[in-house]
1. Return the pairs, sorted by first residue and then second, in which the second residue is among the aromatic types (Phe, Trp, Tyr), the first residue lies in segment B:98-118 and is at pLDDT below 95, the beta carbons are less than 6 Å apart, and the residues are 6+ apart or on different chains.
2. Could you check, for segment A:17-27, whether at least one of its residues is within 10 Å of another protein chain (Cβ to nearest Cβ) and under 22 Å from the mean Cα position of the chain (by Cα)?
3. Mind listing just one residue for me: the one in segment B:161-195 that is β-branched (Val, Ile, Thr) and touching a residue at least 40 places away in the same chain (Cβ under 8 Å) and, of those, surrounded by the fewest Cβ atoms within 10 Å (Cβ to Cβ)?
4. Collect the residues in segment A:84-105 that are more than 7 Å from chain B (Cβ to nearest Cβ), assigned to a loop (DSSP other than H, G, I, E, B) and open to solvent by less than 10 Å² (accessible area, probe 1.4 Å), keeping them in residue-number order.
5. Got a sec? Which of B:GLY246, B:GLY234, B:GLY221 is in contact (Cβ under 8 Å) with a residue 24 or more places away in the chain, of a type in the set (Gly, Ala, Ser), open to solvent by less than 50 Å² (accessible area, probe 1.4 Å) and assigned to a loop (DSSP other than H, G, I, E, B)?
6. Within segment B:83-95, identify whether any single residue is modelled with pLDDT under 95, within 19 Å of the chain's Cα centre (by Cα) and on the phi > 0 side of the Ramachandran plot, and answer yes or no.
7. Looking at segment A:74-83, is at least one residue facing another protein chain (nearest Cβ under 10 Å), crowded, with 23+ Cβ neighbours inside 10 Å, charged (D, E, K, R) and within 20 Å of the chain's Cα centre (by Cα)?
8. For segment B:20-31, indicate whether the set of residues that are at positive phi and buried (at least 21 other Cβ atoms within 10 Å of the Cβ) is non-empty.
Amino acid sequence: MSSVAGRAIAIVSFAELPPAERDTTREEAELVQPVVAEALARAGLDRKDVGFVCSGSCDYLIGRPFSFVAALDGVAPWPPIRESHVEMDGAWALYEAWVRLRCGDIDTAVVYAYGKSSLGDLPRVLAQQLDPYYLAPLGVDADALAGLQARALVDAGRAGERELASVREGRRISDGAAAIVLAVGDVARRLAKRPAWIRGIDHRIETHQLGARDLTRSSSTRLAAEHAGAFGRNPDVALLHAAFAHEEIILKDALGLDAATTEIPPPRADPMIVAGLTRLGRAASRILDGTAGRALAHATSGPCMQQNLVCVLDGAPEVAP
Amino acid sequence: MNRCAIVGIGQTHHKAKRQDVSIAGLVHEAAARALADAEMTWKDIDAVVIGKAPDMFEGVMMPELYLADALGAVGKPILRVHTAGSVGGSTAIVAAQTVIAGVHKRVLTVAFEKQSESDAMWALSPKIPFQPQLTAGAGGYFAPLVRAYIRRSKAPDDVGVAVAVKDRVHAMRNPYAHLRIQGIDAKMVRDSPMLWDPIRYLETCPSSDGACAMVLTDDDGAKRSPRPPAWVHGLATRSEPVVFAGRDQVNPRAGRDCARDVFD
């Protein structure tokens with residue numbers, strides 16, 4: 001998915017709160033304000049010069065409807081700002097901001113995500129994502145479903161049980177926030193020495209019915225990667241949104257990642273709804289700091305990674321036709 | 001920038017309780033009507049953008065996951081927009097922007113609620129820790145602002161009634177509307193119970209189950225439209241803070257700035 005000529009879009013800064021297992025002192029606006037302020041400061045951008053703000057968060061996670069409305073005070077939206085929100089991981093908020101920048105009338109955007117999973121029993125809260133008629137009544141929570149996927153992988157001979165012994169490393173209840181600044185063309189070059197250019201970004205979803213999916217493969221990750229132009233050149237580093245070891249195996253397979261040529265940090269839990277955006281930010285940071293020339297970032301959502309987003313970042317923008 | 005055209009629309013019958021359909025059935029009904037109106041098929045759609053208000057209204061978290069199949073989105077990008085009360089508009093805006101930006105050529109966009117699955121009034125009146133429960137329902141929140149507006153603008157007391165009558169009369173022309181009240185007039189509205197002064201029962205939005213869908217395309221799609229397409233000429237959004245001394249909720253600056261932007 002190439003950029004419109006002359007409007008290459010880049011990530012120019014990233015900031016994240018150190019994830020806390022349980023933050024008992026901060027509400028939404030207080031999670032958002034420090035990360036957005038830091039991301040803007042790193043980019044040397046004044047909040048009044050930001051063209052568009054987009055966030056990702058989840059009411060159910062934080063236990064309060066319209067939570068993202070309260071969070072908006074964290075970006076001090078005065079005078080009133082162009083703003084939007086998706087009830088999805090911040091990675092999808094970044095996608096919306098990327099689309100918005102491609103409309104051509106603005107040059108900068110801020111994306112943020114925040115979440116406080118500690119306020120509930122996360123695996124049970126995630127069970128609210130399930131089809132309320134056919135799946136939810138089965139009484140399975142998200143960890144049980146992940147276990148089903150891990151079992152399917154073992155039965156398919158693609159993983160050993162010992163290999164997956166670290167499964168419980170996975171979903172840790174945690175609270176946090178992250179923010180990214182995006183900019184276009186020459187503005188990006190002014191805000192960062194080595195902008196992380198978005199060479200491609202795409203997301204796809206699979207059927208919700210788990211019995212109709214091949215849980216040992218991530219077809220939507222593969223499809224998103226194809227459309228994002230991820231194949232054809234190995235990235236120097238790939239940051240995958242995998243909470244469990246078996247998810248990492250499935251994603252590496254879908255993305256055709258060769259551990260010999262690509263650095264793949266091990267799976268780790270990050271605050272839900274923030275974790276995907278964090279992958280994008282950390283991948284961009286490797287380009288921003290010059291330690292990688294090409295990076296791939298992945299984000300996932302839904303039971304057994306039903307929906308996936310892939311982003312290809314590069315130290316060089318696409319050559320404009 | 002590309003142009004964006006609306007080439008098909010579809011609505012469900014809006015009712016207090018659509019007990020004849022699941023949530024998936026509800027959105028599918030609207031989407032299928034929009035595709036039929038556009039004389040297109042599910043296969044023609046590149047991406048889906050859905051939007052709705054808090055998930056507590058149905059009790060399904062992040063419903064794009066559950067609804068992907070019902071909306072023909074398997075193998076496609078699907079986004080779910082949530083901007084609270086403005087979500088119907090902002091969903092269409094996000095969908096249109098994917099066409100304007102040249103990311104997609106044919107987009108299905110759907111907004112919906114199946115509020116009978118929960119109690120919407122209380123779902124949007126949560127008890128927040130350390131705060132007094134100040135409002136019950138959307139009307140409870142807006143009534144003081146409405147009173148302040150009437151006082152400031154010196155609007156006649158019955159201006160809300162007049163608007164309600166206008167809307168309900170127009171609804172008689174839409175077979176899908178929730179409230180189709182034969183013979184509605186100002187007296188009928190004034191005689192209905194007062195809920196939150198000055199907002200009366202018949203001035204209030206009913207709690208509905210319903211969905212509305214549109215098919216948006218670029219110029220190529222517009223050329224193939226069976227009827228004259230409706231072109232999008234302007235889009236704008238503005239947000240302002242929740243807690244801010246400079247805020248005027250009776251005449252919001254965000255509203256004024258947004259209106260100016262959309263016409264410019």
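The values are calculated or read from the model by the stated rules, or taken from the named source; none is laboratory data. Remember, it's a predicted structure, so these values are computed and weren't measured experimentally. Every residue, glycine as well, gets a Cβ built from its backbone with ideal geometry; the counts of neighbours run over all protein chains shown. The accessibility values were calculated without ligands, DNA or RNA, using every heavy atom of the protein model including side chains. Shrake-Rupley method; radii C 1.70, N 1.55, O 1.52, S 1.80 Å.
1. Matching pairs, first to second residue: B:GLN115/B:PHE57; B:SER118/B:PHE57.
2. yes
3. B:VAL163
4. Hit for segment A:84-105 is A:ASP89, nothing else.
5. Residue meeting the stated conditions: B:GLY234.
6. yes
7. Within segment A:74-83, none of the residues are facing another protein chain (nearest Cβ under 10 Å), crowded, with 23+ Cβ neighbours inside 10 Å, charged (D, E, K, R) and within 20 Å of the chain's Cα centre (by Cα).
8. no
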